[in-house]
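Just below is one structure, and these are the notes that go with it.
The values are calculated or read from the model by the stated rules, or taken from the named source; none is laboratory data. Only a predicted model underlies this, so the values are computations on that prediction, with no experimental measurement involved. Neighbour counts run over all protein chains shown; Cβ positions are idealised from the backbone, glycine included. Remember, those area values only see protein heavy atoms, side chains included, never the ligands or the DNA or RNA. Shrake-Rupley method; radii C 1.70, N 1.55, O 1.52, S 1.80 Å.
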Amino acid sequence: MSTGSSTGGIPDAYIYDAIRTPRGRGKASGSLHEVKPISLVVGLIDEIRRRFPELDPATIDDLVLGVVSPVGDQGGDIAKTAAIAAGLPDTVAGVQLNRFCASGLEAVNTAALKVRSGMEDLVLAGGVEAMSRVPMGSDGGAWAMDPDTSYTTGFVPQGIGADLIATLEGYSRTDVDTFAVESQTRAAKAWANGYFARSVVPVKDRNGLTVLDRDEHIRANSTLDTMGSLPASFAMIGDQGGFDAVALQKYHWVEKIDHVHHAGNSSGIVDGAALLLIGSEQAGREAALTPRARIVATALSGSDPTIMLTGPVPATRKALAKAGLSIDDIDLIEMNEAFAAAVLRFAKDLDIPLDKVNVNGGAIALGHPLGATGAMLVGTVIDELERRGQRYGLCTLCVGGGMGVATVIERL
C-alpha cells in the first residue's frame, strides 16, 4: 500500500508505533498506585527509543500528552517534565492537553495536525492518568463545582446522562449488563490469545523488577448474575442530589429516569499511559521507520451537554465525510465504553453491528485512564487491523460537555 502524500499535496501523518502500559486498578491497592504518572510516561519513551535505535531523539519536535486532571503529580506540564526526565534532548518540547475523556485522542489528532501542516515532522503523542493518585475531578471547574453555573447550564453527572439514554432507548438492566459481560469476555479472550502483546509494555521499578505486565481490572468470570447483584450507582445522587430533576427539565416528556448503570457496566477507574510515534513520510524514511498506519481524518463535534454522551455520532459522521468514506467502509470500531448505554446508542444510531465494535473488549473490562484512553484505542485498533488483515479503523469517544471526537485510521 502506498505511503505517498494525500490529495491536494498535503503531507500525510503516519503512525510508526503505538504502545501503552497495562491498566492498573485505580485505587490504593492497585499495582500502579506506587508508580508516579511521570514514571509511566518515561517508561514508554524509553521503550520507543529501545524499539527504534536508529531514531535520533533530536529529530522529535514535541511530546503531546492528554491529562484530564492536570494537578498534583500530573500538573506543571508533565509532558515537558517527562521529556527532560527521559533524557530527551533539550530541543524536545512538551505540552499537556485536556479535552476531558478525549484528551488522549486529542493529543494524537493534534500531533497529526502538526505533521500534516508541515510545521513539525516527528511528534510523540499520547496521555497519562494515574487515577489512584490524582482522583477524578481533582482540578475542579465551574461547570460541575459552581452551583450557579451548573444549574444554568443544565449540568448533571455523566452517569445520569447514561441512565437517561437507557431510559429514552428502552435499554433494560439486562441489556446493559449483557453488553458489559460481553466486554469482559472479549477482553479476557484477547489477553489469553496474546492480542495485546505487541502494544503492552510492562511497568518496572527502578531495579528492573516488573510491577505490572497485564491489565488488572478485567473480571473474566463476570456473569449476568454477578452483574445483577451490583447496586445502581446514580440513583441516590439523581434523587437526593436533584440531578434527575435537572435532566427532566430538558427531557420533560420522560416521566422518570431508570437507573441501570453501576460499577460493572460503566468504565473502570484505572491508572495507565499510552504513547504513539507520529511523523511525516520523510522523517520516517530518515530514521529507517516503517509506518504501521495513516491518520486519514479527524473530527470534533458536540451534542446536548446534559445527556452528554451522544457526541460520537455527529463526530463520526463528520470524520467519515472528511475521509470520503461510509460507515460500511470501516472494518473495526473502538468506541470508548464510558457506559454501556452510550455504546449501544452509538451502534444503533449508525446502524453498526456490535461484532465490529470493541472486538477485544473496552473500558468496562479494561478500564478508562481518562487522559490516556483515546491514544490506547488507536493502538488497539491498529493491532487488530493488522491481525485480521483489514484496512480501516475508527476510534471515537464521548466527552464531557456533550462533545465527541473521532479519528479514521488506515492500516498500511
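Quick one: accessible area per residue over the chain, 1.4 Å probe, rounded to a whole number of Å²?
Per residue, the chain has an accessible area of 39 Å².
Using a 1.4 angstrom probe on the protein heavy atoms only, could you order 407, 167, 210, 290 from most to least accessible area?
The ordering from most to least exposed comes out as 290, 210, 167, 407.
Decide, for segment 318-412, between rounded, prolate and oblate: order the square roots of the alpha carbon gyration tensor eigenvalues as a ≥ b ≥ c, take rounded if a/c falls under 1.5, and otherwise choose prolate if a/b is larger than b/c, else oblate. Please list the in-between numbers first.
Values: a/c = 1.43, a/b = 1.19, b/c = 1.20.
Rounded shape, in that the Cα axes give a/c under 1.5.
If each DSSP helix of 4+ residues adds -39,500 (n - 2.57) and the sum is divided by the residues in the chain, what number results at 222 nm, nearest 500 deg cm²/dmol?
Per the formula, -10500 deg cm²/dmol.
Mind giving me the nanometre distance, one decimal, between the label points for residue 239 and residue 206, set 7 Å out from Cα along Cα→Cβ?
Roughly 5.1 nm, to one decimal.
Sorting 309, 412 by accessible area (1.4 Å probe), largest first, what list results?
412, 309
Starting from the Cα-Cα distance between residue 119 and residue 139, subtract it from 0.36 nm times their residue separation and give me the gain in nm to one decimal.
Taking residue 119 through residue 139 to full extension adds about 4.0 nm, to one decimal.
Once you place label points 7 Å from the Cα toward the Cβ at residue 34 and residue 256, how far apart are they in nm?
With each label placed 7 Å out from Cα toward Cβ, I get 4.9 nm.
If you roll a 1.4 Å probe over the chain with all protein chains in place, what percent of the accessible area is carbon or sulfur?
So the carbon and sulfur contribution to the accessible surface is 52 percent.
Measuring from centroid to centroid over Cα atoms, what is the spacing of segment 59-96 and segment 190-255 in Å?
Here the two parts' Cα centres lie 28 Å apart.
Considering only DSSP beta bridges whose two residues both sit in the chain, what percent are antiparallel, to the nearest 5?
Percent antiparallel among DSSP bridges in the chain is about 70.
If packing is taken as the average count of other Cβ atoms within 10 Å, what order do 322-330, 274-282, 201-209 fall into, highest mean first?
The densest-packed peptide leads the list: 274-282, 322-330, 201-209.
Does anything in segment 130-146 have its amide N under 16 Å from the 7 Å Cα→Cβ label point of residue 249, and if so which residues?
143-146
Going by the alpha-carbon gyration tensor, a ≥ b ≥ c the square roots of its eigenvalues, is the chain rounded (a/c under 1.5) or, if a/c is not under 1.5, prolate (a/b greater than b/c) versus oblate?
prolate
Shape verdict for segment 187-226, please, from the Cα gyration tensor: rounded (a/c under 1.5), prolate (a/b greater than b/c) or oblate.
Oblate, because a/c is 1.5 or more while a/b does not exceed b/c.
Calculate, in nm to one decimal, what residue 390 and residue 322 gain on full extension: separation in residues at 0.36 nm each, minus their alpha carbon distance.
Values: separation 68, 0.36 × 68 = 24.48 nm, distance 2.05 nm.
Full extension from residue 390 to residue 322 adds 22.4 nm.
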